[in-house]
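Asks: Structure in structure tokens, see below.
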Amino acid sequence: MTHSLRQTALPDLPPHVIVPTYDRAALSTGIVHLGIGAFHRAHQAAYTEAALQAGDLRWGILGVSLRSPDTRDALHPQDGLYTLSIRDAKGDRPQVIGAVRDVVVAPEDPCGVVAAMANPSVKIVSLTVTEKGYCHDPATGTLREDHPDIVHDLNQHLEPKSAPGFIVSALAKRRSAGIPPFTVLCCDNLPANGKTVRRVVTRFAELLDADLAAFIAEHVAFPCTMVDRIVPATTDDDRTRITDQLGLRDAWPVMTEPFTQWVIEDHFPQGRPDWGLLGAEFTRDVAPYELMKLRLLNGSHSCIAYLGYLAGYETVADTMSDRHFARFIRGLMDAEVSPVLAAPPGADVEAYKSALIQRFHNPALKHRTWQIAMDGSQKIPQRWLGTIRECLAKDIAFPRLALGIAAWMRYVSGTDEIDQPIDVRDPLADKLRERAATAENDPEKLAYALLQMDMIFGHDFIKDPRFVDAVTWALAGLMQMGAKNAVKKLAADL
Ligand code: CS2
């Protein structure tokens, strides 16, 4: 029988596997991380691991799952250890990460989570709760005061459910105990993520207690970040392969690519780990890095997700191996995104785009189009609409982005091109499907029905006939000829 990965088994691992060499028993918890999914474990935890390896043991991580017990159930028996495997065509490069001291499940003990966040050793509360976890309106970036979790948390603020609820409750507890506030570090793909979270959190606090809100506005740091690493969901094949390589069973290893980037606004009044040891970059202004990443990487990803899914491709790499798709995506970057992108000073945008195309081709990553297609209503504004708004202002055509929106519309209608149901995961899925159903497969009606979703599109786009026409035209073409042919047609006009 294969034994499980755990602290006492580390000496049994093959020598090529990198393992924590610091004294894990001496770690203190300096970071509480909300939303301990695969992305955190492949990104921020790996940067923190480098600081721990260098001997700064103040930065152990307490992981919090806001919903499911799965990660805790997998990692708890493993003493928090898991394998991070960097994969490309050459194979796996496994490293066992020791930074996560423990994982707790918030709904099982919300007061316990608040208490842990209020512990004086905690200097940073970081978050990867996905776009929808902030309970905000994606078009405006403001708190949705009618969100059921927010309504709950305002009534029962000592036992919260939402990320803003936990942060405010823990900050209130620290304030009344005279403990300085932690830094709130958002690591999600939101526009101006630190500013957005500050807005959401202070508004939530304002609804509870005006003094507390003023305190947060004055004393809590919310640095902006740009995070980048492609991390597909772990598959059973990954589990089996890693267990074979380790000779120990890892219930939840995480797969990722060689590339990693983290650009951070350096504002941490309570200190931070030396994430620069793994190459994190510190800057005063994250905004241009974030725009470049959200619009080029994530914007392309979402096009690949909807169009690739409809074309019958399972993964990003499969989609990109269709040369028409590869040309289409490069065309999207060159002709629609780049011309309106304010790039970071000194950035080589051409090299960045070429590297992205290469990353998307990584055959070792089984990054499902369906995974990226999730939660489109929360992603579209920052990935596509900013670019389109600027294209409209400069009279630049955006047929590929219009086709991306059309594919999203088709996707959220819930039926694919061969009449099979689509498992649409989105907080607005029901609303989107209901609206789509009223359109009876008429492209004009469908475009109009969905563009009226002001939570996504705001109020301006629907009034601009250039936008409405471009999307309607793309949708009509998509419905008539299918995703593969629609992409092929646009791939030809570079
Ligand atoms: C992806 C991102 O699932 C998605 O929406 O676009 O998770 C993407 O892989 C990361 O942002 C890469 O840094």
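The values are calculated or read from the model by the stated rules, or taken from the named source; none is laboratory data. Keep in mind the model is a prediction, meaning the values are calculated, not measured. For neighbour counting, all protein chains shown are included, and Cβ atoms are generated from backbone atoms with ideal geometry for every residue, glycine included. Heads up: the accessible areas ignore ligands, DNA and RNA and are worked out on the full protein's heavy atoms, side chains in. Shrake-Rupley method; radii C 1.70, N 1.55, O 1.52, S 1.80 Å.
Asks: Would you say A26 is in contact with a strand residue (DSSP E or B) (Cβ under 8 Å, 6 or more places away or on another chain) and touching a residue at least 12 places away in the same chain (Cβ under 8 Å)?
Replies: Details: in contact with a strand residue (DSSP E or B) (Cβ under 8 Å, 6 or more places away or on another chain): no; touching a residue at least 12 places away in the same chain (Cβ under 8 Å): yes.
No: the conditions fail for A26.
Asks: Shifting gears a bit: Taking into account only those residues within the range 384-403 that are in contact (Cβ under 8 Å) with a residue 60 or more places away in the chain and open to solvent by less than 10 Å² (accessible area, probe 1.4 Å), which is farthest from the ligand (Cβ to nearest atom)?
Replies: Of everything passing the filter in the range 384-403, A402 is farthest from the ligand (Cβ to nearest atom).
Asks: Quickly run through the range 404-423 and pick out the residues that are buried (at least 19 other Cβ atoms within 10 Å of the Cβ) and either within 14 Å of the ligand (Cβ to nearest atom) or of a type in the set (V, I, T) (or both).
Replies: If the condition is that a residue be buried (at least 19 other Cβ atoms within 10 Å of the Cβ) and either within 14 Å of the ligand (Cβ to nearest atom) or of a type in the set (V, I, T) (or both), then G404, I405, W408, Y411, V412 are the ones that fit.
Asks: Within the range 53-91, track down each residue that is part of a loop (DSSP other than H, G, I, E, B) and among the aliphatic types (A, V, I, L, M).
Replies: Hits for the range 53-91 are A54, L57, L66, L81, A89.
Asks: Here's a follow-up. Could you please find all residues in the range 95-136 being among the hydroxyl-bearing types (S, T, Y), open to solvent by 10 Å² or more (accessible area, probe 1.4 Å) and more than 20 Å from R175 (Cβ to Cβ)?
Replies: Narrowing the range 95-136 to residues among the hydroxyl-bearing types (S, T, Y): 121, 126, 128, 130, 134.
Narrowing further to those that are open to solvent by 10 Å² or more (accessible area, probe 1.4 Å): 121, 128, 130.
Within the range 95-136, T128, T130 qualify.
Asks: Quick one: would you say Y22 is buried (at least 16 other Cβ atoms within 10 Å of the Cβ), more than 27 Å from the chain's Cα centre (by Cα) and not hydrophobic (A, V, I, L, M, F, W, C)?
Replies: Values: buried (at least 16 other Cβ atoms within 10 Å of the Cβ): yes; more than 27 Å from the chain's Cα centre (by Cα): yes; not hydrophobic (A, V, I, L, M, F, W, C): yes.
Taking the combined requirement at face value, the residue satisfies it.
Asks: With respect to I388, determine if the residue is assigned to a helix (DSSP H, G or I), at pLDDT 95 or above and of a type in the set (V, I, T).
Replies: Answer is yes for this residue.
Asks: Which residues, taken from the range 430-443, are surrounded by fewer than 18 Cβ atoms within 10 Å (Cβ to Cβ) and either of a type in the set (D, E) or under 26 Å from G386 (Cα atoms) (or both)?
Replies: D430, K431, R433, E434, E440, D442
Asks: Ok, one more. For the range 137-158, name all the residues that are open to solvent by 10 Å² or more (accessible area, probe 1.4 Å), in contact (Cβ under 8 Å) with a residue 24 or more places away in the chain and under 20 Å from A210 (Cα atoms).
Replies: T142, L143, E145, L154, H157, L158
Asks: Answer with yes or no whether L297 is buried (at least 18 other Cβ atoms within 10 Å of the Cβ) and within 12 Å of the ligand (Cβ to nearest atom).
Replies: Here the answer is yes, as L297 does meet what is asked.
Asks: Among (1) at pLDDT 95 or above; (2) in a loop (DSSP other than H, G, I, E, B), there is one condition M1 misses while meeting the rest; what is its number?
Replies: (1)
Asks: List pairs: first residue in the range 108-123 and part of a loop (DSSP other than H, G, I, E, B), second residue buried (at least 19 other Cβ atoms within 10 Å of the Cβ) and among the small types (G, A, S) anywhere in the structure, Cβ distance under 7 angstrom, at least six positions apart or on different chains.
Replies: As it stands, the answer is A118/A170; S121/G30; V122/G30; K123/G30, since those pairs meet every condition given.
Asks: Every residue in the range 424-451 that is under 20 Å from D469 (Cα atoms) and assigned to a loop (DSSP other than H, G, I, E, B), please.
Replies: Listed by number, the residues that qualify are T438, A439, E440, N441, D442.
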